[in-house]
1. Looking at (1) under 33 Å from the mean Cα position of the chain (by Cα); (2) of a type outside the set (Asp, Glu); (3) modelled with pLDDT of 90 or more, which is the one condition that is false for Phe356?
2. Checking the structure you have, find out if any residue of the stretch 154-167 is open to solvent by 60 Å² or more (accessible area, probe 1.4 Å), farther than 18 Å from Tyr60 by Cβ and at pLDDT 70 or above.
3. Which residues, counting only those in the stretch 8-29, are over 15 Å from Leu233 (Cβ atoms) and without any contact (Cβ under 8 Å) to a residue 12 or more places away in the chain?
4. I'd like the full set of residues that are open to solvent by 50 Å² or more (accessible area, probe 1.4 Å) and closer than 18 Å to Trp279 by Cα, limited to the stretch 336-349.
5. Among the candidates Leu9, Leu19, single out the residue that is of a type outside the set (Val, Ile, Thr), more than 29 Å from the chain's Cα centre (by Cα) and open to solvent by 50 Å² or more (accessible area, probe 1.4 Å).
6. Since Ala254 meets every condition but one in (1) modelled with pLDDT of 80 or more; (2) of a type in the set (A, V, I, L, M, F, W, C); (3) farther than 22 Å from Val23 by Cβ, which condition does it not meet?
7. Can you tell me which residues in the stretch 22-62 are of a type in the set (D, E, K, R) and open to solvent by less than 60 Å² (accessible area, probe 1.4 Å)?
Amino acid sequence: MSPRTRTILVWVLFALGTLVVLVGSLTLWVKRQALDTEAWVDTSSQLLENDEVRQALSVYIVDQLYANADPQEVLKEQLPPNLQGLAGPIAGALRQPAVEGVDRFLQRPRVQGLWEDVNRAAHQELIAVLEDDTRGNITTGGGTVTLNLRTLVVNIGTELGFGEQLDSRLPPDAGQIVILKSDQLEAAQTGLKAIKWMSSLVIVIALACYAGAIWLARGRREMLRNVGAALLLVGILLLVIRRFVGNYIVDALASGESVRGAIDSTWLIGTNLLSQVAWALVVYGIVILLGTWFAGPSRYAVRGRQAIGPTLRDRPGVAWGGLAAVYLLLVLWGPVPALRNWLGVLLLGGLVALGFEAFRRVLKAELGPSDTGPPPAPA
């Protein structure tokens, strides 16, 4: 292989690995956030705990009840004949107190449990549709994929006094939310398959590309430093994407200032895992950059290696034990998503061990053989 071909191949592998890390981080976020039912339920619980989101949901529920349950007729039935003419003004005056009542009602543990159950069932049924297994509360009739939140509306309406037979008085489409149109379903199912495939292979492909680039590079330390810089930049780029895409979505969906805060909070809560992935890449990049600097020719790096070199060279058991203790503390802390599942712990631990042993070999070659050896045999 000619030097020019070798250089081109190195940079192609490096660029491909960086692109895979960027795209794979987004697909990993989508898979864990949108396709994992428990993660979805946890996010929905955080949404209900947010004041702005809960206020917007309260307005939606009251709007559904006022539009379909006819509170004016309910009040007429409860008022004496001479006061039935006031049913309309009273119903209008009670609209805002009803919103505040729903807001307080949604803060109750029992209602929050119902909210989790509704979201869990809804997410399971939605995934079933995307996997072409239509059943339960989600249907594809009428040219749409529809999510049924009728139970939640009925429970809250009954608590607010809209009548004991509220379920029978609500029209069939009350509490129905259109998720997808049928002409979008095939694209969504294809996207689901692509996300599952990419998220399972992204780490392997990225590591293979970076390992190949480092192996073929003439200056391996410099290429490893480039990998660290790439991870750092990809992490920063993901944070920028999260912020600017969030601003675009809020501007596109916000029909007024009353819901703008709720949409913004929903986006920030829903992309919290993406933020964690981005910060993890930033941390990985910084660690690699510091490691390559510490192994470089800098005067301070040389002094540092000379200070710890004898221990790493002459007492490998102590060195490996210290590394294992630090890594165990990191696993217990779990500052990055990779340290919260066994596959990530094993993979990251293997990479840390590989880098540590490579660093020990650099120190052994730099310091030379140990001065402490067995005593010479007597003459």
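The values are calculated or read from the model by the stated rules, or taken from the named source; none is laboratory data. Computed from a prediction, not measured in an experiment: that's the story for all the values here. No Cβ is skipped: glycine too gets one built from the backbone with ideal geometry, and neighbour counts run over all protein chains shown. Note: accessible area is taken over every heavy atom of the protein model, side chains too, but ligands, DNA and RNA are not part of it. Shrake-Rupley method; radii C 1.70, N 1.55, O 1.52, S 1.80 Å.
1. (3)
2. yes
3. Answer for the stretch 8-29, where residues must be over 15 Å from Leu233 (Cβ atoms) and without any contact (Cβ under 8 Å) to a residue 12 or more places away in the chain: Ile8, Val12.
4. Going residue by residue through the stretch 336-349, those that are open to solvent by 50 Å² or more (accessible area, probe 1.4 Å) are 340-343, 346-347.
Of everything in the stretch 336-349, those that are open to solvent by 50 Å² or more (accessible area, probe 1.4 Å) and closer than 18 Å to Trp279 by Cα turn out to be Arg340, Asn341.
5. Working: Leu19 fails: more than 29 Å from the chain's Cα centre (by Cα).
Selected residue: Leu9, the only one of Leu9, Leu19 that is of a type outside the set (Val, Ile, Thr), more than 29 Å from the chain's Cα centre (by Cα) and open to solvent by 50 Å² or more (accessible area, probe 1.4 Å).
6. Every listed condition holds for Ala254 apart from (1).
7. Filtering the stretch 22-62 down to residues of a type in the set (D, E, K, R) leaves 31-32, 36, 38, 42, 49, 51-52, 54.
Correct list: Arg54 only.
Conditions (1) assigned to a helix (DSSP H, G or I); (2) modelled with pLDDT under 75; (3) open to solvent by 40 Å² or more (accessible area, probe 1.4 Å), marked per residue:
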{"residue": "Ala91", "(1), (2), (3)": "yes, yes, no"}
{"residue": "Gly101", "(1), (2), (3)": "yes, no, no"}
{"residue": "Gly113", "(1), (2), (3)": "yes, no, no"}
{"residue": "Glu116", "(1), (2), (3)": "yes, no, yes"}
{"residue": "Asp133", "(1), (2), (3)": "no, yes, yes"}
{"residue": "Gly136", "(1), (2), (3)": "no, yes, yes"}
{"residue": "Gly142", "(1), (2), (3)": "yes, yes, yes"}
{"residue": "Thr151", "(1), (2), (3)": "yes, yes, yes"}
